[in-house]
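Data first, discussion second: the structure below is written as structure tokens.
Only the coordinates and a few stated rules stand behind these numbers; no lab work does. Every value quoted in this text rests on a predicted model; they were computed, and no experiment measured them. Using ideal geometry, Cβ is built from the backbone for each residue, glycine included, and neighbour counts are taken over all protein chains shown.
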Amino acid sequence: MDAVAEDALASSTNIHQIQEGDLGRVGPKGDHGMVAHLPGLYYTGQPLLPAATFRIFRVDGTMETAEARDITIIDRGYFRSGQFVVSASDIHGRVGVVTESNTTLDLVKLVGHGEPPVMAMTGVAPGCLRRVRELCLGDFVVSGPWLGRVVKVPLELDVVFDDGALCRVIGGTPLTKLCPVVATNKRIFRDRMKSSFYPGLRVTSPADGFKYCRWLRGYWKPSRKVGTIAKVLIMGALVHWIASAHHGADPRLVQESAPPAYQDPADLTFFCSAYDCYWGVGDRCFLRDTQEQGPKEENTMHHRKLLHLDGRRRTRQRQPAEIEQPMSVASTRTTVDVLWQDGTRQSGVPSTCLLPYQMTSEHEFFPGFYVVDGVAPGANAAADDVPVVDNATGAQTTETRRVGTVRCVNSEDQTVGVSWFKESSSPDEATEIDTVSAYDLALQPGPHAFYGHVVIRRPPSGYPDASEVRAAADLSWVGHVVDLVDGRVQVKWADSTVSMVVPDEIRIVTELYYWELEAEMVGDGDDWVEVNSVDHEHEDEDSANSLYNEKENPPEGSNVQGDIDSANEEDNDSVDEDESAATKASRKVAIIQYMSQLARQVLAQTMRYFGNRLLSSSLGSELAGGTANEGAHVAVPDGHHSTSNHDAIHAIPAALTSNDTCADDDGCAEKVKNIEHPTGDEDQFHFPYFDVTHSPLDHHYIDNVGQGPSGGKRWVKAVQKEWKILENNNLPDTIYVRVFEDRMDLLRAVIVGASGTPYHDGIFFFDLHLPPSYPDVPPMVYYHSFGLRLNPNLYNSGTVCLSLLNTFGGEASEVWSPATSSLLQVAVSIQGLILNDQPYYNEAGYQSLVYKPEGCRNALPYNENAYLLTLRTMLHLLRRPPSGFEGFVKDHFCRRGRFILRACEAYLRGCVVGMLDGDSCATKGSKEDRSCSTGLRLALSNVLPKLVAALAEIGAEGCECDKFHELHDLLIGGDGVQRAY
């Protein structure tokens, strides 16, 4: 390709558009190279690059450093089927998916060190090439009725010396000692397709590295230190079996009857390469016809002769056969076919016109996706049911949600065209296209077939037993997804046939990376040949730390206690209508009442006889004198139900609080501070920031009995210190805390969302528990989510992901320190670091997406969705506020109701979410940026009537009928049809 044609395809040199793996030209007439290292990222053995600086991998294996302004991108050869893309000229626009990729390669011969490469062939199709080694990491392989992925490929190298001697270097330590004779600063960019070692590479081994190799001709001499790789051989392959023609993709069934993990490559049939395996600059390769023409039998006989000669120890050495020199990829040219979100298709799009895009938003849909209507259910709700709550009675029922397929998406408006299936759920009986808000949709639970996915046929009933071996040549049961048409899936099977199937006829195989599959294999990496089982404990440990799953995030399926299924029924706002459940509940109440009476009796006896001694031993003589008498008067009021006898013991050290924390006010528990509302409301808000009361039954950690003061004197002092810090006017104006005299190990906090964020005027409740080892370990924190995920760090299971709580990685001051960290710091961190103005970037690794397509596209929609979930959280709180905060919730919404509706009105008129002032009025920046989406308005039309009704019911200011009609007119036109914005 000439320079003019290259410039025509060249993309902008915008630093944020240069991707790892791009093929670029440095300077106006520079040679081609692949972008290998990005600025600011750590690479093993390489120093960090300054901003706007990149390392370029050259075809000869050397590296050079170049500035972004000097790099011209001329190809992106890594695009594959199923890869999401956006236009390089409009990163905010629609998203597309690559349905087919076409690449041609230019190949060169590397003559020698320091000499320019010689052009060998141009315009070669990848199908005409073979790799240096037959199998590579991540390859999909088939063995009879089994499908697996290669996770290890140990090598053997035949090294020939200048005097004709030949040795075989076995994989392991001898192999790791080999290094190229010509030292470069090269870091192997992708060691899957080209391999670190290839025929023709001059290698050396320090000291006596070749001494213990297997000598096929000749024997070791100290002078034989430098040789040439003559052949790269595969010792075997370690395969992780992931599917079967008999058992489908069920991991348990597959692992129970799978063949041995160690396999002879001759017994494996190559199906397809890894998802991220593509031809790039510097990859070594051979032409396929060269392999086919080469006499395999002759090569075998040649090695037999070498072995025979070695056995006789002949002194006469024969010259080695000519080494087949591989070619190297010098350049690529790639075009792709793209299906866009709006349903249009484009063919032959130059790869430089596109940028890779990662689908990181749960409300980013695509044609062919199966979706369900309504808000996603809570963590414990049925997959196909949506919880529906009667605001008047509080009773909850479920209704079956509609299922449909996405036909088109307007990414700018956040609207989706959906064809809903009829009751038969047949794709052929779908309704006409209905336009709905993306925020009111959720993906149908379960895996979804998509372009490029590897799938297998679903085993029919009565299929032969797995012990019955399937013919090795039968590949009609495994294939690739090539298209999605009207709810059906088009699959190209491995036997080259193509058929259309419904989703229930196929199963999608695992999409884990090969290194994650390797982590599931048992045994030491050096003893892998004898491995043939799966260690589930090791699997769980490694999967929790893998990049692909959560990237150091806590698993979404577990809370800080490791069991979300035990989440409080009140928190999930669910009502169990089962008669047996009701019976159990009544029994539980009776037990609680009995234990409460017993606890009061034990408490009274303990106070009278052991009160002074307990306080003295716990707090020391310096504190006992001032508190011993107070402890004798502590009692649990009637009507408060303790959950165990341990509560009686918990109440004893609570007496200390009445003296130390209420020195200036005898009525500490009744103490009220008159404060001005932080958002600018001039009315006085009568609710104490800090107060001591009795533990509520709906506290998430109420059943963690016997885990508080058992920590001893140090624990009690630490809790006392925390109470003092929280009480002494240290709490911000938007944080309120309750501690409990009968359960010093428990706290409850509420945080009010700040203005300028999507959480403005929302209130968010957190339950805290101080374990016996506190303060050596951080508190346990549970978020009352009501099954809604409104922040990357607040899971719908209740988990709070924060480095200060050791639920996320951190360094130095970011993690919990027994000496300096406090509960106040935890509360302030949640408010400032989690409930902020750009929550999208809270997700681990997403900070790097700033200015990138994913970040530019998803930050605003994430704010819109977070705002909608904040409104839905308000509805849950109005219906069922947490115990002890009933008055706070009512007062807050009565006072702020008009501002909440004013914010809704501002967004309906086009203001950007999260850019209003304290009085919910539009700011200058809220109108200069992009306006809110049509999808937000559609979603507001569903939630606003319920919110207005709930606010009017409690008598909130500014929520009269007139206000409702004003909002209704903004949502619905006079003809009753949704307005078009």
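Structure values in brief
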read-out	value
J(HN,Hα) series, the range 814-820, from Karplus relation 6.51 cos²θ - 1.76 cosθ + 1.60, nearest Hz, glycine and proline x	6, 9, 5, 10, x, 7, 10
Reciprocal of mean inverse Cα separation for the range 661-964 (Kirkwood radius, Å)	20.3
For LEU354, residues with placed amide H under 5 Å, excluding near neighbours	ALA88
Convex hull projection area averaged over all views, the range 1-150, Cα basis, nm²	12.2
Whole-Å semi-axes of the range 112-170's equivalent ellipsoid (Cα gyration tensor)	30, 23, 10
Along principal axes, Cα extents of the range 776-920, largest first, whole Å	47, 45, 26
Normalised alpha carbon radius of gyration of the range 801-861 [divisor 2.2 N^0.38 Å]	1.29
Stokes-Einstein diffusion coefficient of the range 94-143, Kirkwood radius over Cα pairs, 37 °C, 0.692 mPa s, in µm²/s	225
Burial ranking of peptide ranges 756-767, 22-33, 805-816 (average Cβ count within 10 Å, highest at the top)	756-767, 22-33, 805-816
3J(HN,Hα) from dihedral phi, the range 762-778, Karplus parametrisation 6.51/-1.76/1.60, rounded to Hz, x for glycine, proline	x, 10, 10, 9, 9, 9, 10, 9, 9, x, x, 7, 5, x, 5, 10, x
Mean Cβ count within 10 Å, highest first, over the residues of peptides 739-752, 819-832, 234-247	739-752, 234-247, 819-832
Protection proxy ranking, peptides 123-130, 70-77, 714-721, average beta carbon neighbours within 10 Å, highest first	70-77, 714-721, 123-130
Values of log10 I(q)/I(0), in the order q = 0.13, 0.23 Å⁻¹, for the range 211-260 under a Debye, Cα-only, solvent-free model	-0.56, -0.93
Ascending count of other beta-carbon atoms within 10 Å, so fewest first, for MET34, MET119	MET119, MET34
Amide H partners (placed H, <5 Å) of PHE690, local residues excluded	VAL737
